[in-house]
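This report concerns only the one structure given below.
The values are calculated or read from the model by the stated rules, or taken from the named source; none is laboratory data. Remember, it's a predicted structure, so these values are computed and weren't measured experimentally. Glycine gets a Cβ as well: all are built from the backbone with ideal geometry, and neighbour counts include every protein chain shown. What goes into the accessible areas is simple: the full protein's heavy atoms, side chains included, and nothing from ligands, DNA or RNA. Shrake-Rupley method; radii C 1.70, N 1.55, O 1.52, S 1.80 Å.
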Amino acid sequence: MADVPSSAKVVVIGAGIVGNSLVWHLARLGWRDIVQIDKGALPNPGGSTGHASNFIFPVDHSREMTDLTMDSVRQYQEMGVFTQSGGIEVARTEERMEELRRRMSSSKAWGIESSLITPDEIAELVPFLEKDVVIGGFYTPTVGVVDSLRAGTIMRERALEAGALTVVPNAEVEGLDIEDGAIKRVRTTKGDIEAEYVVIACGVWSPKLAKMAGARIPLTPAVHQMISVGPCPQLAEKEGEISFPIVRDMDTFCYERQHGADMEVGSYAHRPILMAPEDIPSIEQAKLSPTELPFTEEDFDPQLEQAFELMPDLLGAEGAEIRYAINGLLSLTPDGFPILGETPEVRGLWSAAAVWIKEGPGVGRAVAEQMVIGHSEIDISHSDIARFYPHQRTRAHVRARTSEAFNKTYGIVHPGEQWASDRPQRVAPMYAQEKEQGAVFFEAAGWERPMWYDSNAGLVEEYGDRVMPREHEWDSRWWSPIINAEHLRMRETAGIVDLSAFVVLDVTGPGALDVVQRACVAQCDVPVGRVVYTPVLDPKGGFVSDLTVMRLGHEHFRVVTGGAHGMVDKKWFANIARELGTATVADLTSAYTTIGIWGPKARDVLASLTDDDVSDEGFRFGTCRLIEMGSLLVLASRISYVGELGWELYVPIEQGARLWSMLHEAGAEHGAIPVGIGVYGTTGRIEKGYRAFGAELDAERSIVEAGMQRPKVKAADFIGKEAYLAQREAAPLTVLCTMTVDDHTSASGMKRYMLGGEPVLTREGGTLTDGHGHHPYVTSAGSAPSLGKHVLLAYLPPEHAVLGNQLAVSYMEELYPVTVESIDATSLFDPDNARIRG
């Protein structure tokens, strides 16, 4: 151990599993002059790593989290600190068994060996489990436990042996100094360190450290209760730390994990117990460690009783007693994902926080790659710290969402499930009118967005079976046939859509063109009044985003992007603008309302409200301009995400309610109706095969694989150009295809409808593998009411991306036949785009 050096290339704050992983991977990638500090002693400085139960279940419904977990397991195995034990998630109810069938879909999609097993099979693996309490289980042989403290020591020592690292324990951070918007210095109790980069990797303390620099890491320390019961005779007779599979008693939100002669019982069923980082006791104050707090027995008693139901002979064995019990602290975030990347507030200040043992080394590698190379092999876009909006960074929001989420840790969470807490946050100016129209609101980036309108319920009866009703409760949860009815009416007349959640960024200044040209793949040096749809790439040619750019002036471009990813896009463009130094990026989202109108009658409605020429000749597709609508000056942009003639209309936010009313009043005689995001984001999009960022488009996919390449590549340089040119010359390793479901009938006779994430297999149920080594899965699923089909998008191995190819999709452990209908961007509905041209 060394004294504090006066300077460093990077200072990593934290010596838990994340900090240790990070310093090793930074060193492995060639960085030197790395300093690691922690206020505690090593090897266990007192954070969550030191008391975690340290088991790893690899299957998650999120591909990102699964990829990080599997990468971590590979690293743990390479270090020799992983012990495979197997793991079983047991079900006490049929509802839970259905969820375990869904987990089978994820395990197949991610290529992880798993199986559903009977109570008798569970008892064979765990003989002290009371098999009559359960009705089945989900068994994953590759579950295991890890020695995270030893792993951290190995990685830290590797960085030391490489001559890349200086380690300073028992040094507490007292301040972070900022100069010209960038990190400059770390002030500690042992001295100050000037640094180009600082990484906050100190878990539950991370918000406190970030605040020193004027940044925010929106997580909260939260209690997870755990006890250790022993000695248990059934375990004591076995050698080693673990001899039996770990059991997750999912319906009681508990787990049981052998640790030598003891059985650890952990709970996510108790009340949410949150703490402020400032209230965590110091090392001197803590009886055990700062993150091992006194046990509150009354919170755990109901879970202990349920654990006794499952393992009565083991936990009730003579001589067995509670030998260790804590309220252990861990990190929770508002959306359940880690918080990774450079902070939006301070250049050079990075976060590697809210990371659990199971994904620690994977995160360390990914963040190191982003810092050194500029991109990571594993797509970690869902974990980007820049994703949060201002209200999502507040302590009140973090506490509200994590309080709601805690008891869902082992819960059955529907993919469409909505948050209930801390709403509404952001509402469109026509919110009151939408409520009167019966809007059913879903949340997006804090905005209350109508998903459908109950005022359109009468259309369901009018269209009958064309709305493709769903019989099964799971398939129809967070869904309504009104969505499909609205879709059909939009295709006949016109639909009016609230798009207030769009993020609006204005790039202005002498270098505005340089900024958008640098960021965007498509040619943005276009005449004023042109609208450009474009991908945005990272250096390796993966997607950062896809968005539209309007050229409003010689030095004025308006970037419009989706709400979910908008803050990340804002940071991306702002970083480029700062590097070039001749343009600014302004977020005007809260200054403008966006309303869309699409359908064969959209032009008639618009023409009745303006004297401007909105004919096809007078207002071409892919153009924008200001038009007068009464006394409103409206920026109209003629593009479409639903495959219909129409416009996006932008007005100052105080005029949004008036424009909404005008469109509905004028549209009434043409049959126009309000239409929800269910149409805009799913049915209208999927009929056209339009790709969506976060579904079809991510950092691990290429433009060529997505079927979005254009005949020519612009001469101007852009981020990812070299990689993109190489991708164009090579044969794709996977191909995005559109499929339709041939028969929805399940074994019970009920028709089932996929929701997304399901594995794509051969017609007989055999495994498919693409050139990346990935197994194909459904990236988007939804009704295509105009076609009378349920449509699925998925990347397929090139040899299976053949028109008419007959495959299958596994949904809830049943095979459903599907047929490949498109192997490129050709849409199933109106493939010639005649309707868009109007």
**Prompt:** Which whole-number percentage describes the relative contact order of the chain, with Cα contacts under 8 Å and a sequence gap of 6 or more?
**Reply:** 12
**Request:** Restrict the search to the range 734-815; then list the trypsin sites (Lys or Arg not before Pro) that DSSP places in a loop and that have at most 16 other Cβ atoms within 10 Å of their Cβ.
**Result:** ARG763
**Prolate/oblate/rounded call for the range 284-439, Cα gyration tensor, a/c under 1.5 rounded** = oblate
**Message:** Quick check: from the Cα gyration tensor, does the range 53-133 come out rounded (a/c under 1.5), prolate or oblate?
**Reply:** oblate
**Message:** At 0.36 nm per residue, and after removing the present C-alpha to C-alpha distance, how many nm does the segment from GLU461 to ALA276 gain when stretched out fully?
**Reply:** 61.3 nm
**Message:** Can you compute the FRET efficiency between VAL713 and LYS408 using 1/(1 + (r/R0)^6), with r the Cβ-Cβ distance and R0 = 51 Å? Round to the nearest 0.05.
**Reply:** 0.65
**Asked** Given R₀ = 60 Å, FRET efficiency for GLU284-ASP832 by Cβ-Cβ distance, to 0.05?
**Response** 0.20
**Item:** Qualifying lysines (Cα of each under 22 Å from Cα of LYS601; at least 8 residues distant if same chain)
**Value:** LYS688
**Prompt:** With charges only on Cβ, +1 for K and R and -1 for D and E, what is the dipole size of the range 321-470 about its Cα centre, in debye, rounded to 20?
**Reply:** 540
**Potential extension, HIS670-ALA825 segment - 0.36 nm per residue separation minus Cα distance** = 52.6 nm
**Message:** Nearest 5 percent is fine: what portion of the DSSP beta bridges confined to the chain is antiparallel?
**Reply:** 85
**Request:** May I ask you to list the lysines whose Cα is less than 21 Å away from that of LYS208, ignoring any residue fewer than eight positions away on the same chain?
**Result:** LYS39, LYS184, LYS190
**Prompt:** Between TRP419 and ARG620, how many nm apart are label points set 7 Å from Cα along the C-beta direction?
**Reply:** 4.4
**Message:** Using a 7 Å offset from Cα along Cα-Cβ at THR296, what residues in the range 211-226 end up with backbone N under 15 Å from the label point?
**Reply:** 221-226
**Item:** Relative contact order (%) - criterion: Cα under 8 Å, at least six apart; region: the range 347-429
**Value:** 18
**Prompt:** If you average the sequence gap of Cα pairs under 8 Å that are 6 or more apart and divide by the length of the range 654-775, what percent do you get for the contact order?
**Reply:** 15
**Request:** Go through GLN392, ASN407, LEU349 and say which Cα lies farthest out towards the positive end of the charge dipole of the range 329-415; charges sit on Cβ, +1 for Lys and Arg, -1 for Asp and Glu.
**Result:** ASN407
**Request:** Just tell me the longest site-free run in the chain, where the sites are GluC sites (Glu not before Pro) in a DSSP loop having at most 10 other beta-carbon atoms within 10 Å.
**Result:** 319-616
**Asked** Dipole magnitude of the chain about its Cα centre, charges +1 at Lys/Arg Cβ and -1 at Asp/Glu Cβ only, in debye to the nearest 20?
**Response** 2260
**Message:** Rounded, prolate or oblate, given the Cα gyration tensor of the range 384-517, with a/c below 1.5 counting as rounded?
**Reply:** oblate
**Fill in**
When the charge dipole of the chain is computed with +1 on Lys and Arg Cβ and -1 on Asp and Glu Cβ about the Cα centre, the Cα farthest towards its positive end, among CYS624, SER85, PRO759, belongs to CYS624
**Request:** Please give the contour-minus-distance gain from GLU172 to ARG728: 0.36 nm per residue of separation, less the Cα-Cα distance, rounded to one decimal in nm.
**Result:** 195.1 nm
**Asked** Using r as the Cβ-Cβ distance of GLU121 and GLU94, and R0 as 22 Å, what FRET efficiency do you calculate, to the nearest 0.05?
**Response** 0.80
**Fill in**
The aspartates and glutamates whose Cα lies under 14 Å from the Cα of LYS211, excluding any fewer than 8 residues away in the same chain, are GLU174, ASP177, GLU278, GLU345
**Item:** Per residue accessible area of the chain, 1.4 Å probe, in Å²
**Value:** 36
